[in-house]
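The values are calculated or read from the model by the stated rules, or taken from the named source; none is laboratory data. These numbers were taken from a predicted model, which means no experiment stands behind them. Cβ atoms come from the backbone with ideal geometry, glycine included; neighbour counts cover every protein chain shown.
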Amino acid sequence: MLEINNITVTFETDEGIVKAVDNVSFHIDRNEIVGLVGESGCGKSVTALSILRLIPLPYGRIETGEILFYGKNLLDLNPKEMRKIRGRAISMIFQEPGSALSPLHTIGRQMVETILLHKDITGKEAWNIAETWLEKVQISDPRERMFAYPYQLSGGMQQRVMIAMALMLEPDLVIADEPTTALDVTIQAQVFELVREMRRFNTSMLLITHDMGVIWEMCDRVLVMYASRVVEEGNRDDIFSKPTHPYTIGLLESIPKLSAPPSRGDKGGYRLKAIPGQVPSALNYPSGCHFFDRCPDAFDRCRNEKPKLIDLGNGHKAACFLAEK
Amino acid sequence: MNYKQPPKSPLLEANDLQTWFPIKRGILARTVGYVRAVDIASLYINRGETLGLVGESGCGKSTLGRTLLGLEKARRGKILFCGKNLLKLNRRELREIRRRMQIIFQDPLTALNPRMNVIDIITEGLVAFGLLEGTREDHAKRLMNEVGLDEEAIYRYPHEFSGGQRQRINIARALSLRPDLIVCDEPVSALDVSVQAQVINLLMDLRDRYNLSYLFISHDLSVVSNIAHRVAVMYLGRIVEQGSTGDIINNPMHPYTKALINAVPRPDSKEIEHKRERIILKGEIPSPSAPPSGCMFHTRCPEVMDICRERAPRETKSGMHGVWCHLYGRVVEWSSS
């Protein structure tokens, strides 16, 4: 349904041109939840924004590539055509519902405005649609909540409203950028339940997160990004059971596990396997593999040559020379 | 500095602490109510021990940590540090105690003065307490080595460091006065996963090297289970369950603890995934300015009983594992607390 081929996004900064997304390709099928995981600054949000062409101009530019949505390249559309796609065919859920909703308008008004922009119906009908959707995302007293301002709702409620807005026009694809990061775990669990329900509507989803646990709970397929590139891709079980790229391995090992090993006795805690060093600045990535200077298995070839994604079968791919056998 | 505690008596003990914030209205700023950030909380921390304090946002865990350090004023209760009640000390005595209790904040950047360089930041406390032996530079370099930073970087400013490095600077500052207790208030929440692990490891190494005690405050149960010896679970101003990390993770008793553990998204093996029933709590945390009657958790509890709406539960204890829930034990007398 959505196919992204070799997109590269650059930003012009005072210190020079920064490649935020470097030659990224992937696809999303119908009714599939694809996770995009990586640390801050790895380019995962920029990838998502570029799909909707929301890269801030004039500093940001999509240099190369194509974004095919049902075979049509979104990069060729004019602004007016693009507006028809946004919110209707592809919608977005942002990390902070508090800043994504307008503080000056009631929930109802914001929802109705969006509906009327895309559908040729009366305001009354739009109001009803909005109200039904508030009910579907389990907001109590939807009738009254329509008149509430965002500040009157809690964070979890606001995120439900965002989800309702993203779904009410029955889009083909929802892009969710860290939808639960600002929420407490028990509220996060509620939102996940809602998203699982959402699959009934045949909606696909691109879920962006830094949390491998969230990926496990929600996704069918996973893309791991590191320093502007996709380093590994595969279905969920493959990524978790046989991670291949040293970064994916390190990422999985560095997550604290919810457990209290009986053997540790009085020691109090066990050392985590941390990835040494830190994410390099986008201005001076290593010239070969971007993970070169933190990789425990790096060898000479990694220094200057950029590894390509190597197919390991079953859609599992890793961008590492070690996977080449 | 190497004060030996008599065994058995904890380094820090807090009994029935209560910290309320007044809500003021009108031009006369009359108090119209209270935000009951910490309603009743008791805990203890032994020397060299890490107590994890978990709970969701707004449950009062940070306020509790700050109250223990005297950064917020407790309305009621007792805080015993090495046997001295902190709430009864005068300013001079308090100042000496404060040297021995430090704090690390969540956001490493805002916790550092942007106009001071690292050497000034991490030796400021030493100068203030007159504990500087030798030069500031020597001290700073030693501290930088201690937390795994380049000692040549002492003349740089906070903005020149990455998030993980900044948190190391905060740790170096907390360490500079050789404290006995460090309150770590969400010390790794603002960091990336790969860096988070480095900082957790560092905190554990330092604890073991200097026999430090930590109050480790976090919303992330996985992080806490990784570093803490014991865990206290807090909900709406009260501690609802307390016990060894093993007890809390493997044998949670309180319905809230169960739900909290259940809600942690994590990769499980296939078998566990099927066995694990999902407990999804309804609703949200009530406001601490108008807390529910009886048990604070009754509005969301899947196992709520009539009694829960009326009376606050007391602690039921088995060994070190304590739980505040009507499901366990019987209430001996009627009381409204």
In the stretch A:193-213, residue nearest to A:Val224 (Cα to Cα) [restricted to those that are within 14 Å of chain B (Cβ to nearest Cβ) and part of a strand (DSSP E or B)]: A:Thr209
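Residue-by-condition table, conditions (1) surrounded by 14 or more Cβ atoms within 10 Å (Cβ to Cβ); (2) within 30 Å of B:Ser222 (Cβ to Cβ); (3) in contact (Cβ under 8 Å) with a residue 12 or more places away in the chain:
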position	(1), (2), (3)
A:Asp141	no, no, no
A:Met146	yes, no, yes
A:Pro150	yes, no, yes
A:Gly156	yes, yes, yes
A:Glu170	no, no, yes
A:Asp177	yes, yes, yes
A:Ser204	yes, yes, yes
Check on A:Ala227, surrounded by fewer than 21 Cβ atoms within 10 Å (Cβ to Cβ), at pLDDT 90 or above and under 30 Å from B:Phe161 (Cβ atoms): no
Selection from the stretch B:92-132 of residues that are in contact with a helix residue (DSSP H, G or I) (Cβ under 8 Å, 6 or more places away or on another chain) and hydroxyl-bearing (Ser, Thr, Tyr): B:Thr123
Listing of helices (runs of 4 or more DSSP H) fully contained in the stretch B:177-265 that carry 1 or more residues being of a type in the set (S, T, N, Q) and either more than 8 Å from chain A (Cβ to nearest Cβ) or farther than 27 Å from B:Gln167 by Cα (or both): B:245-250, B:255-263
Within the stretch A:171-192, considering residues that are charged (D, E, K, R) and touching a His at 6+ places or on another chain (Cβ under 8 Å), the one nearest to the other protein chains (Cβ to nearest Cβ): A:Asp184
Residue within the stretch A:63-77 that is β-branched (Val, Ile, Thr), touching a residue at least 40 places away in the same chain (Cβ under 8 Å) and within 23 Å of A:Gly234 (Cα to Cα) present: yes
Qualifying residue in the stretch A:85-95 (condition: loosely packed, with under 15 Cβ neighbours inside 10 Å and either within 20 Å of the chain's Cα centre (by Cα) or charged (D, E, K, R) (or both)): no
Residues of the stretch A:214-224 satisfying the condition of being more than 13 Å from every other protein chain (Cβ to nearest Cβ) and either modelled with pLDDT under 95 or touching a Cys at 6+ places or on another chain (Cβ under 8 Å) (or both): A:Asp220
Every residue from the stretch A:32-73 that is more than 16 Å from A:His210 (Cα to Cα), in a strand (DSSP E or B) and within 14 Å of the chain's Cα centre (by Cα): none
Condition met for A:Val18 (in a strand (DSSP E or B) and away from every other protein chain (no Cβ under 14 Å)): yes
Flag for A:Lys136 being surrounded by fewer than 17 Cβ atoms within 10 Å (Cβ to Cβ), of a type in the set (Lys, Arg) and more than 18 Å from the chain's Cα centre (by Cα): no
Number of the condition not met by B:Thr110 [criteria: (1) surrounded by 14 or more Cβ atoms within 10 Å (Cβ to Cβ); (2) within 21 Å of B:Asp185 (Cβ to Cβ)]: (1)
Failed condition for A:Ser91, given (1) in contact with a helix residue (DSSP H, G or I) (Cβ under 8 Å, 6 or more places away or on another chain); (2) among the hydroxyl-bearing types (Ser, Thr, Tyr); (3) outside any strand (DSSP E or B): (3)
Odd one out for B:Arg178 among (1) out of contact with any helix residue (DSSP H, G or I) (no Cβ under 8 Å at 6 or more places or on another chain); (2) at pLDDT below 95: (1)
Selected residue (only one of B:Ile279, B:Ile285 is modelled with pLDDT under 80, within 20 Å of B:His219 (Cβ to Cβ) and part of a loop (DSSP other than H, G, I, E, B)): B:Ile279
Given (1) without any contact (Cβ under 8 Å) to a residue 24 or more places away in the chain; (2) within 14 Å of chain A (Cβ to nearest Cβ); (3) of a type in the set (Asp, Glu), index of the condition B:Glu151 fails: (2)
Residue in the stretch B:119-132 that is over 19 Å from B:Asp180 (Cα atoms), touching a Lys or Arg at 6+ places or on another chain (Cβ under 7 Å), free of Cβ contacts under 8 Å to residues at least 24 places away in the same chain and charged (D, E, K, R) present: no
